[in-house]
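Novice: Here's a structure for you.
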Amino acid sequence: MATKNFLNWLLTEKGKQFSFYVAGTAITGIMVASYTSQTIFINNYKDLFRLYKNGVAAPVPGILKERFEKTLQLLEIEEAERQLYSPFMSCGFDIIGLGLSSSRFGVYIGLPSNFQYNSPQNFDTSKIVLNQAEGKSVTWDSKEGQDLLNSMVLSEKAQLYAIAKEIQFRQSPKLYIDTFIATSCAAATYILSSIINRKFDFYSRPRVIRLIVYSFVSSLCFMNFIMCKDMSQLYYEKTSDDYLIAKDPVFLEGGKEFWEKILKRNMALRKLLGPRGESMYTITGNENNIIRSKHLPFTERQSFFANKAAPSVN
């Protein structure tokens, strides 16, 4: 009864005003959360990805610090701005970029632990498991096991490219664009729903009709959100690769190796993970996305570097 009375109250003028303030608060919350997670609260956000050993954050090895500094030099980042860029050791085997170069809170690049190995023989394979919840170990003497192990060893050039692409991406306005898109789509959901309700007088119709309207408008705005977000992601990934190739030949060579290893890793995981791997990766090593395109296809990025002529050096 209390729920029914509350829903009926929402149809009154005071109820509509209450809904307006709630929607405004939610929209503001989306905007604030999207921006502050990569700025004010970036240290808290970083902790979600940080690698810990015995309860303590794993330190960055000296060799990786040197490579990080070398990347900053190759990108010709001003000495005064280099303090804004910091590495940390991250979980998993993917490099991670957090933050904004235009923010005083800086940029953090999460380096995977496999970056510190220069040979497959250096790996402690007993600590690497698939489907961690099941504790499934890898058959390392199989072809797929060897392919996975070899794919995790990256040369210095490949690591320099990996670090550079994350730094370059953090210098783009992608976060501002995502924040604007998310806020705009959330606001459009409320505004369009209100306009439709008033125009067709759905406030006086059965509640199920309004629920259908809300579901349709929410789905439409959400689809628009992911489409715009993914399009901007693809654009800035392509722009980043173009910039790095023109910046220094080392990124051309490193990029080619990096994406070859990523494809090799994904194809190995597709076999080793069974049905789950087949749902995650295609037979060529790309991410298996049905609707969205969260990233440029890895095969496309690998071909881009493989087919690109090395820029001349004066």
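Novice: Which of the residues belonging to the stretch 78-134 are in a helix (DSSP H, G or I) and under 16 Å from SER151 (Cα atoms)?
Specialist: Passing the criteria: SER113, ASN114, PHE115, GLN116, PRO120, GLN121, ASN122, THR125.
Here is a yes/no grid of residues against (1) surrounded by fewer than 18 Cβ atoms within 10 Å (Cβ to Cβ); (2) under 16 Å from GLY110 (Cα atoms); (3) out of contact with any Lys or Arg (no Cβ under 8 Å at 6 or more places or on another chain):
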{"position": "GLN146", "(1), (2), (3)": "yes, no, yes"}
{"position": "LEU154", "(1), (2), (3)": "no, yes, no"}
{"position": "GLN159", "(1), (2), (3)": "no, yes, no"}
{"position": "ALA162", "(1), (2), (3)": "no, yes, yes"}
{"position": "LYS165", "(1), (2), (3)": "no, yes, yes"}
{"position": "SER172", "(1), (2), (3)": "no, no, yes"}
{"position": "TYR176", "(1), (2), (3)": "yes, no, yes"}
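Novice: While we're looking at this one, here's another question. Just give me the residues in the stretch 140-188 being over 16 Å from ASP94 (Cβ atoms), among the hydrophobic types (A, V, I, L, M, F, W, C) and in contact (Cβ under 8 Å) with a residue 24 or more places away in the chain, in sequence order.
Specialist: Within the stretch 140-188, LEU149, LEU160, LEU175, ILE177, ILE181, ALA182, CYS185, ALA186, ALA187, ALA188 meet the criteria.
Novice: A further question follows. Please identify the pairs in which a residue from the stretch 113-128 that is under 10 Å from VAL153 (Cβ atoms) has its Cβ atom under 6 Å from the Cβ atom of a residue that is part of a helix (DSSP H, G or I), counting only partners at least 6 apart or on another chain.
Specialist: PHE115/LEU64; PHE115/GLN159; PRO120/LEU149; PRO120/ASN150
Novice: Within the stretch 158-175, can you find the residues that are among the hydroxyl-bearing types (Ser, Thr, Tyr) and under 22 Å from SER34 (Cα atoms)?
Specialist: SER172
Novice: Report yes if some residue within the stretch 61-74 is on the phi > 0 side of the Ramachandran plot and either in a strand (DSSP E or B) or touching a residue at least 24 places away in the same chain (Cβ under 8 Å) (or both); otherwise report no.
Specialist: No, every residue in the stretch 61-74 fails to be on the phi > 0 side of the Ramachandran plot and either in a strand (DSSP E or B) or touching a residue at least 24 places away in the same chain (Cβ under 8 Å) (or both).
Novice: Still on this model: Specify which of the listed residues (VAL22, VAL56, VAL60) is surrounded by 15 or more Cβ atoms within 10 Å (Cβ to Cβ) and of a type outside the set (Asp, Glu).
Specialist: Being surrounded by 15 or more Cβ atoms within 10 Å (Cβ to Cβ) and of a type outside the set (Asp, Glu) holds for just one of VAL22, VAL56, VAL60, which is VAL60.
Novice: Would you be able to say whether some residue in the stretch 183-204 is in a helix (DSSP H, G or I), among the charged types (D, E, K, R) and surrounded by 15 or more Cβ atoms within 10 Å (Cβ to Cβ)?
Specialist: Within the stretch 183-204, not a single residue is in a helix (DSSP H, G or I), among the charged types (D, E, K, R) and surrounded by 15 or more Cβ atoms within 10 Å (Cβ to Cβ).
All of the numbers you see were taken from the coordinates with simple rules; none came from a lab. What you are looking at is a predicted structure, and each value in this text was computed from that prediction instead of being measured. Backbone-built Cβ (ideal geometry, glycine too); neighbour counts: all protein chains shown.
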